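What follows draws every value from the coordinates through simple rules; no lab data is involved. Because the structure is a prediction, the values reported are computed rather than measured. Cβ sites come from the backbone with ideal geometry, for glycine too, and all protein chains shown count toward neighbours.
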Amino acid sequence: MTAVLVPTTTPAAVSTTAAAIARGRRIRRRRWTVTTAILAVIVLAVVAISTMVGHTFYTPVEVLRVIFGESVPGASFTVGELRLPRAVLALFSGFAFGMAGVTFQTMLRNPLASPDVIGISAGASLAAVTGIIVFSLSDVAVSAVALVGAIVTAGAIYLLSSRSGFAGARLILIGIGVAAMIQSLIAYLLSGAAEWDLQAAMQWLSGSLNNASWERLVPLAIVMLLVVPVMLARSGDLDILRLGDDSAAALGVRVSPTRVLFILGAVILLAFATAATGPIAFVAFMAGPIAARLLGPGPSLLLPAGLVGALLVLVADLVGQWAFESRYPVGVITGILGAPYLVYLLVRTHRSGGSL
Amino acid sequence: MNPPLTATLREPDAAPAAPAAVAASRDPAPVPGSVGHRLAAEGLALAYGDRVVVSDLDLQIRTGAITTIVGANGCGKSTLLRAFARLLPPQAGRVVLDGREIHRTPTKQIACEIGLLPQNPIAPEGIAVADLVGRGRHPHQRMLARWSAKDYQVVAESLEATDIADLADRSVDELSGGQRQRVWIAMALAQETGILLLDEPTTFLDVAHQIEVLDLLTDLNRSRGTTIVMVLHDLNLAARYADELVAMKDGQVHACGAPDAVVTEDLVRDVFGMDSRVIPDPVSGSPVVLPMGRHHVRR
């Protein structure tokens, strides 16, 4: 392909342009790399602060000694069994929520397409509330049924919306309808619940890290180690999918398998995170758009959105625990942050017709 | 194209004069000197669900030429283009590229040989022109690989060829309709395919930009020998810019061949259900269709 289309174009002009393109791409990539690195550092810093701050303050040295397995009076239990699992669970679940949310939002080209808006979190909640109120299940069993609830709901929404070809808008509308239906079922169950069960159910529904423990963390951690690398490795295909199905197929992307892979990955992340912490309101929904504002257009948002999600949960949990006289579950804080953001986004989307 | 008219105007159909150039299954010789791929539909049937759109269609695309596909709304021309692009699996028959059935060939392999500009491509919000054009390199890149020197070279050439090099770092959102269409064409060029399919590449453009896009595609065809197949709404532009013109009706090829031979008053009546006069274009010499509606016609 040495033939030149425009007669005025010379090889010299082409190499000048190539150099300019390389420069522009380098600038955009650097912004992505630097911002993502800063996010990662802040996330780790907040994890560190979460392990030090509490009723008793422990120095970084004491915390590190606990992490390296030394026995430190007081700190070994408080840090090793309470604060550290709580912070790590916040990190992992926040990351999973953020990445799952931005996957849906990217694929459906709509910031409203977050799993907590289209009923997947609601499905997990219904299963969990049923488990608590109707069957009086144990903690671990509640997590398990929540997992099943999320996956079944996601499957049902996907099947309902893909009757003749896949349409993003239809999936979102059906998802919102399913979410409304499930909410009313949850309200029905709660209205007939015994007082003790009601409290447990409400705590689960608001999303909380109070029951954090290493055992609770293990399933989520294993799943993330399996799913996250696969999704990151295939993020190039997700970027191409943003051009529309026809363009993506013409560029050699296998559209349906790619979509199924990402939906499955996102649902699994979301389901396991929800099973571990309950549906922490609006984290999946907010993380992607915030990451997009921070990074500007460019390469994949999967990783940065995961970091933003982790940061949201970590900070909200710190605030919920220590900023007020009484302690609030993390989901209450993210809910207070998220609801106005939803309104803002609706207003802005309506005005500009823009997407993520 | 006034809907109430078609019923009355279709009546002459009763005794159809066989169009001069019905030669759907002929095998046009490649443009001399072209070495591109050969694309053909054989006994092709296409449907969306139960709705059959194209049935038993044979069409050999002339290698190295510009082919335009015209026809009334709903005649199946866009559907046919989607099948050529491997987007729509056939109900029956096959689409063949160099003897290989494209729906049995891996999509990435086809993407190195056939490019497509769909009717409504979607630009991700805020994406830079160079990055969008660079998406065209996707079929040539390995997973997670960085851009190679060749990638930069080809993207630069594509931007130069479409005359948008100075827009490389601009956001696609900020561009005008004409500029944006150039960006999409540049992306298709970056794909470096011997065959380029375009679904109504001139919609939403004013007349000057329509001509600009069609001239650009002609440049591409002449300088690189790219085989171009496009669906066009404007019959006169289709006749002017085509080496081969395909007129479709009811999911069939009604006529195909050189525009001079194909575009006649009878053909327009058969395909669009409309009376017209066809005269030679004083500018290009190609046939021009002057529609005859109920009003503003000198009898």
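Quick notes on this one:
- Under the Karplus curve 6.51 cos²θ - 1.76 cosθ + 1.60, θ = phi - 60°, whole-Hz ³J(HN,Hα) for the range A:257-269, x wherever Gly or Pro sits: x, 4, 5, 4, 4, 6, 4, 4, x, 5, 5, 5, 4
- Using the rule -39500 (n - 2.57) for each DSSP H run of four or more residues, divided by the residues of chain B, the 222 nm mean residue ellipticity is -8500 deg cm²/dmol.
- Mean projected area of the Cα convex hull of the range A:262-336, taken over all directions, amounts to 5.4 nm².
- Taking amide H as placed 1.01 Å from N in the peptide plane, the amide H of B:S276 sits under 5 Å from that of B:M292, each at least 5 places away or on another chain.
- Column: log10 I(q)/I(0), Debye, Cα scatterers of the range A:155-252, q = 0.10, 0.13, 0.22, 0.24 Å⁻¹: -0.54, -0.85, -1.12, -1.14
- About its Cα centre, the dipole of the range B:201-261 is roughly 140 debye, where the only charges are +1 on Lys and Arg Cβ and -1 on Asp and Glu Cβ.
- Springs between Cα atoms under 10 Å define the GNM used for chain B, and in it the highest mean-square fluctuation of B:A45, B:A149, B:A130 occurs at B:A149.
- Remark on the range A:208-356: ratio of C-alpha radius of gyration to 2.2 N^0.38 Å is 1.17.
- Near B:L167: Cβ cut-off under 11 Å, other residues only, Lys/Arg at +1 and Asp/Glu at -1. The net charge is -1.
- For the range B:97-146, the Kirkwood estimate of the hydrodynamic radius, built from every pair of different alpha carbons, is 13.0 Å.
- Taking Cα centre as origin and charging only the Cβ of basic (Lys, Arg, +1) and acidic (Asp, Glu, -1) residues, the dipole magnitude of chain A rounds to 1540 debye.
- Expressed as a whole percent, the proportion of Cα-Cα pairs in the range A:1-119 lying more than 22 Å apart is 63%.
- Karplus-derived 3J(HN,Hα) values for the range A:26-38, using 6.51 cos²θ - 1.76 cosθ + 1.60 with θ = phi - 60°, are 4, 4, 5, 5, 5, 4, 5, 4, 5, 4, 5, 5, 4 Hz; glycine and proline are entered as x.
- Interchain or long-range residues, amide H under 5 Å from B:G115's placed H: B:I195, B:L196, B:L197
- Panel order for B:W184, A:W204, A:W32, B:W147, by other beta carbons found within 10 Å of each beta carbon, from fewest to most: B:W147, A:W32, B:W184, A:W204.
- Considering only Cα atoms, the convex hull volume of chain A works out to 170 Å³ per residue.
- Cα extents of chain B along the three principal axes, largest first (Å): 64, 41, 40
- Per-q log10 I(q)/I(0), the protein assembly as shown, q = 0.06, 0.12 Å⁻¹ (Debye; single scatterer per alpha-carbon; no solvent): -0.43, -1.19
- Across the range B:174-283, Cα-Cα distances exceeding 17 Å account for 58% of all pairs.
- Top of B:T63, B:T227, B:T105 by mean-square fluctuation, Gaussian network on chain B, Cα under 10 Å: B:T105
- Mean-position separation - Cα centroids, the range B:109-182 and the range A:213-292, in angstrom: 26
- Relative contact order [Cα under 8 Å, 6+ residues apart], chain B, whole percent: 26
- For chain B, the longest principal axis of the alpha carbon atoms and the long axis of helix B:149-161 meet at an angle near 40°.
- Put simply, the amide H of B:A65, placed in the peptide plane, has neighbours under 5 Å in B:V31, B:I228, leaving out anything fewer than 5 places away on its chain.
- Selection from A:A122, A:A212, A:L337 lying farthest towards where the dipole of chain A points positive, charges on Cβ: A:L337
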